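Trainee: Sharing a structure below in C-alpha cells format, with a few things to ask.
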Amino acid sequence: MSKAGDIEPDPSVIGNIAKPPFVRLPDSRQLFTDRAQRFRALADGHELASYLLFLADLSQAQADIQSDLPEPEMPAAETRARAKAHSMPPLDRGRFTADAAFDVAFERLTAAAEPIDMPAPAREALTRLKHADATIPTMVRNVLDDAIPIESMAEHVFVAAALQVHFARLAQRLDAAQLVPVGDGVCPACGAAPVASLVVGWQNADGTRFCSCSLCGTLWNFVRVRCTVCGKTDKITYQEISGGNGQIKAEVCETCGSYSKVLYQQKNAVLDPVADDVASLGLDLLVRELGFRRGNVNPFLLGY
Ligand SMILES: [Zn+2]
Ligand SMILES: [Zn+2]
C-alpha cells in the first residue's frame, strides 16, 4: 500500500504511458504449469504440505493433459456479438453442455490423477468418480453454479479442475479486444467469480489491480480499494497475518460483510491467485474470527 501523501501516477491518463489492458486472457498451459510450481514451492515446510503437493501434481496434470485435446466448441460469432452488446460474458456458463473437448479433458484428468499422492478423502472420491458417469453432468452444474454440496466436495475438486482446463482453453481463444465489463465481481469472459485479485508489477500496468477468474483464469482490471463482491469503495480495510510480509492481504468490506484476498505480485511476481489463496488459509481464519465471510470462490478451498 502507498503511504499517505504518496502521489501515484495514473497510467491511464499519462500520455506516454500505455493504458493498462482491460483483460489479460490466459495461456491455458502456462497458467497451470506456473501454478504447479507455486504450489510446490509453498508446500515446503507448510502445515498443509501434503494437500499443497497434491494440488501441485493436480495442477501439473491440468497442464499436461492439454496436448492434442479436441478443439473446444466456441460460441458462434453472432452469439458473442450479442453478448457484447448486452454487456454479458461471451462464454455462457448457464448454457454449458459438455463437448468432446470437455469429455476428453475430464477423462484424461481423472486418469492422470490416478498415480498422484493424495489425501485419503480425495483418493476415495476419485474411485467413486469412476462409477459416477450418470452424475457428472450434475457435478459440472454444481461447480458452474458455485453450489457444491459439502458432502461431495472431494469429487468436485476433480470436476472443477477439468472445468478450469476447459474454460481456460475457451478463454484463450477469445479476442480480448471484444470483451467488455459485465459487472462487479464477474469475469468478463465467462461470468464466474474471482478467486482473488492481484496488484501487478507489469510494465504497462505497474500498481494496477486485476481480478483473477476462478474458472477460466482470465485477469480483468479492477480499481484498487474497492470491494470485488459488492463494488462499494467506502468502509474498506485491510487485514494481514501479524508479522506477514505484505504480499497477501484480506480486503475487508464492512458494507457487505465479505472479504477477498489481494496478492501483491509487485512484491513477488510468482504469487499465484489459486495456490497462494489455499496456502494462506490462516488469513481466512483470522478474518472470519472478525465476523466476515469469504466473498470469492476457490473450489480447492471448499469447506473452509
Ligand atoms: Zn472467467
Ligand atoms: Zn462489499
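Trainee: In sequence order, what are the phi-derived ³J(HN,Hα) couplings for the stretch 34-41 according to the Karplus relation 6.51 cos²θ - 1.76 cosθ + 1.60 with θ = phi - 60°, rounded to whole Hz, with x for glycine and proline?
Mentor: Karplus-based 3J(HN,Hα) across the stretch 34-41 equals 5, 5, 4, 4, 5, 4, 5, 5 Hz.
Trainee: If you wrap the stretch 182-301's Cα atoms in a convex hull and average its projection over all directions, what's the area in nm²?
Mentor: On the way: hull surface 27.5 nm².
The directionally averaged projection comes out at 6.9 nm².
Trainee: Please state the equivalent ellipsoid semi-axes for the stretch 49-176: what are the square roots of 5 times the Cα gyration tensor eigenvalues, largest first, in whole Å? Please list the in-between numbers first.
Mentor: Working: eigenvalues 155, 52, 34 Å².
Each semi-axis is √(5λ); the values are 28, 16, 13 Å.
Trainee: Roughly what % of Cα-Cα distances in the chain sit above 37 Å, to the whole percent?
Mentor: Values: 5672 of 46056 pairs.
The answer is 12 percent, as a whole percent.
Trainee: Okay, moving on. Taking the Cα-to-Cβ direction at residue 124 and at residue 235 and moving 7 Å from each Cα, how far apart do the two end points lie in nm?
Mentor: 4.2
Trainee: Could you pull out every residue, at least 5 positions away or on a different chain, whose amide H is within less than 5 Å of the one on residue 208? Hs are placed 1.01 Å off N in the peptide plane, and Pro or chain starts have none.
Mentor: Residues meeting the criterion, in which the H sits 1.01 Å from N, are 200.
Trainee: Could you sort 281-287, 28-34, 115-121 so that the peptide with the highest average Cβ count within 10 Å comes first and the rest follow in order? Could you put the intermediate results ahead of the total?
Mentor: Working: 281-287: 17.1, 28-34: 19.9, 115-121: 12.9.
In descending order of packing, they fall as 28-34, 281-287, 115-121.
Bear in mind that the values in this text are calculations on the coordinates, not laboratory data. In this text the structure is predicted, and so the values were computed from the model without any measurement. Cβ sites come from the backbone with ideal geometry, for glycine too, and all protein chains shown count toward neighbours.
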